[in-house]
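Working notes, structure below.
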């Protein structure tokens, strides 16, 4: 239920450097960062069939870092460069403070990519050792002691995050649908995707419904519903589920009654989200993470409220390969009393009997 990264960034070089120089004259991209964004929309066949709507997923898992987070990360770095907090050029050494409960696959990938990880216990935001607050203190200390200095990325409250989605994700969706879109819905981690994308789309057409899909254990659903931040239940999802109004949610991402753009919200239990993940894999050939399951479940909820014939877009956040030890692990799912399809269980799956075709070799 905790967001993946809270960062301290120094200006010291590190391997895997990338620049953000854009190429507008041809299709050759100028490095890693230049490939971020412009992800396709994929029509989700099963969800569309269930609802009679045109359900589209924005394939953010196709970003070079395999996540929707690429957009916010790039804009946070660019914003720091524009403010003179980072020396332009890329290759910044990155320290990521991460709750120790995050998946091992994520941790391994971050280390392979050159980041230094600091793991802390997964405690609530009010705890001074919550990973967000810990990362702030760590960044302040590194700024004093590291020869190159350091900045705090503060992805939850740095509005460069939502600006990334206002300037890229929203316009891409509008263009890709030719403006024929009736709803957009997603879960909230930092709030940048919902606020930035929703703000842009609402400005283009005020009748577009903007929705929040909230996992159990998060507090936003109750806030949008009753005006009080209160949570109940729990979820195995990672990177989504918020207990406060972040800087990225303030204003844009708040409910319409408070001047924001959000006018639909629903709460999605794991028992509803996980079958969406397995359905995406079996019927759409998309192996995605649990946050995508929450998003698709929320999209189905919004579609049923709007009725057949509408076009609704959501975010397909990241690959399911990051969650093999949880989402696609029968023993783990059984330990949590969560549903899983029969084909996921090797012992029960209807598999072909393979003949041996080895030939004798002298």
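Each reported figure results from applying straightforward, stated rules to the coordinates on display, with no laboratory input. All values reported here derive from a predicted model rather than from experimental measurement. Please note: Cβ atoms are built from the backbone with ideal geometry, for glycine as well, and neighbour counts cover all protein chains shown.
How many residues does the stretch 135-153 contain that are surrounded by fewer than 19 Cβ atoms within 10 Å (Cβ to Cβ) and in contact with a strand residue (DSSP E or B) (Cβ under 8 Å, 6 or more places away or on another chain)?
Residues in the stretch 135-153 being surrounded by fewer than 19 Cβ atoms within 10 Å (Cβ to Cβ) and in contact with a strand residue (DSSP E or B) (Cβ under 8 Å, 6 or more places away or on another chain): 3 in total.
Take residue 196 and decide whether it is surrounded by 24 or more Cβ atoms within 10 Å (Cβ to Cβ) and assigned to a helix (DSSP H, G or I).
So residue 196 fits the description; yes.
Would you confirm whether any residue within the stretch 236-245 is touching a residue at least 40 places away in the same chain (Cβ under 8 Å), on the phi > 0 side of the Ramachandran plot, surrounded by 18 or more Cβ atoms within 10 Å (Cβ to Cβ) and not in a strand (DSSP E or B)? Yes, because at least one residue in the stretch 236-245 is touching a residue at least 40 places away in the same chain (Cβ under 8 Å), on the phi > 0 side of the Ramachandran plot, surrounded by 18 or more Cβ atoms within 10 Å (Cβ to Cβ) and not in a strand (DSSP E or B). Residues that are touching a helix residue (DSSP H, G or I) at 6+ places or on another chain (Cβ under 6 Å) and assigned to a loop (DSSP other than H, G, I, E, B) are absent from the stretch 161-181 altogether. With respect to the conditions (1) surrounded by fewer than 21 Cβ atoms within 10 Å (Cβ to Cβ); (2) touching a helix residue (DSSP H, G or I) at 6+ places or on another chain (Cβ under 6 Å); (3) more than 15 Å from residue 276 (Cβ to Cβ), residue 322 lacks only one, and its number is (1). Mind listing just one residue for me: the one in the stretch 277-297 that is more than 16 Å from the chain's Cα centre (by Cα) and part of a helix (DSSP H, G or I) and, of those, nearest to residue 340 (Cα to Cα)? It comes out as 278. For the stretch 35-81, a residue qualifies if it is within 21 Å of residue 180 (Cβ to Cβ) and part of a strand (DSSP E or B), and the qualifying residues are 41, 42, 43, 54, 55, 56, 57, 58, 59.
Just one of the numbered conditions (1) in contact with a helix residue (DSSP H, G or I) (Cβ under 9 Å, 6 or more places away or on another chain); (2) without any contact (Cβ under 8 Å) to a residue 60 or more places away in the chain is not true of residue 72: (2).
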